[in-house]
């Protein structure tokens, strides 16, 4: 079976991209993923907020009182973080022969934009911009929030020539229209659907906020599956599914919906890098059973435009299933 796919101009030997996470924070871990047949890796994100928080803390700790010292501390902190990340890109490129995608997690279009060119110069094959935007500010309109995407991708595209993908949130009052307009700009080559946010919970014994559902489950595939099926025939960008892909069945479903590739993290945390080969084998077995030789043979076969009952992807009520329950 031929599992190759073309994602944002990169030829992948298979559609499994290991998403930005602790799995891709070191050369040793990245090499292990490549040796176990990953199609590409997205390096652990460089976090804009983390860098700025570190800058603020270092300035706070400084007791000199000199304005020049503040500027020096700020620049040194940023450069130190960037240099470590550039070294990760360079060493990863030397160690493996699959695409290495740099990643920046950001909430603004400010000074970090200049980092993008350095990523390209260090050898990154592409750049994933992870815009983690939770629309909690009640003073900002939907349009103001969505304009952040456009401002960021426009400025980054002016800095680099390598392919760009945007990993975005599903929070939007007009998500289909937003994604279509983002693709129209030609400033990105692909879109990753979607960010998976930290999930808060409340400890009712100790009165503390805690984290829950740190790792995804196969049942969480439905959100990205729905939107890829709805949009894969309508946008020119490559669409990548993130969250809930844990096995060969997940890859098959997302490809049927129209995905170009998938990002996997939680399944590898749970089962180790060796699980990649199991996922690929299960995919190949299904393809052979159904007489498909390539992913293109069935990609989009179950998209919104191609199924007999497209309303199934738009249904938001459970009336059909729960109407008779008393």
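No lab work stands behind these numbers, since they all come straight from the coordinates. The structure presented is a predicted model; accordingly, all values stated were derived computationally and were not measured. Cβ: placed from backbone, ideal geometry, glycine included. Neighbour counts: every protein chain shown.
Observations on the model:
- For 114, 216, the sequence from fewest to most other C-beta atoms within 10 Å is 114, 216.
- Counting neighbouring Cβ atoms within 10 Å and putting the fewest first, the residues 194, 150 line up as 150, 194.
- For the peptides 172-182, 248-258, the ranking by mean Cβ contacts within 10 Å, running from highest to lowest, is 248-258, 172-182.
- Helix 48-61 axis, angle to the chain major axis (alpha carbon atoms, nearest 10°): 20 degrees
- Segment 5-322 - percent relative contact order, Cα under 8 Å, separation 6 or more: 16 percent
- The overall shape of the chain, judged from the alpha-carbon gyration tensor, is prolate: a/c is not under 1.5, and a/b is greater than b/c.
- Three-way shape call for segment 194-308 based on the alpha-carbon gyration tensor, with the a/c threshold at 1.5: oblate
- Between 0 and 90°, nearest 10: helix 142-159 axis offset from the chain longest Cα axis: 70 degrees
- Burial ranking of peptide ranges 239-247, 217-225 (average Cβ count within 10 Å, highest at the top): 239-247, 217-225
- Sites residue 137 and residue 95 - FRET efficiency at Förster radius 56 Å, r taken between beta-carbons, to 0.05: 0.85
- Helix-only [θ]222 nm of the chain, DSSP H runs n ≥ 4, -39500 (n - 2.57) each, per residue, nearest 500: -12500 deg cm²/dmol
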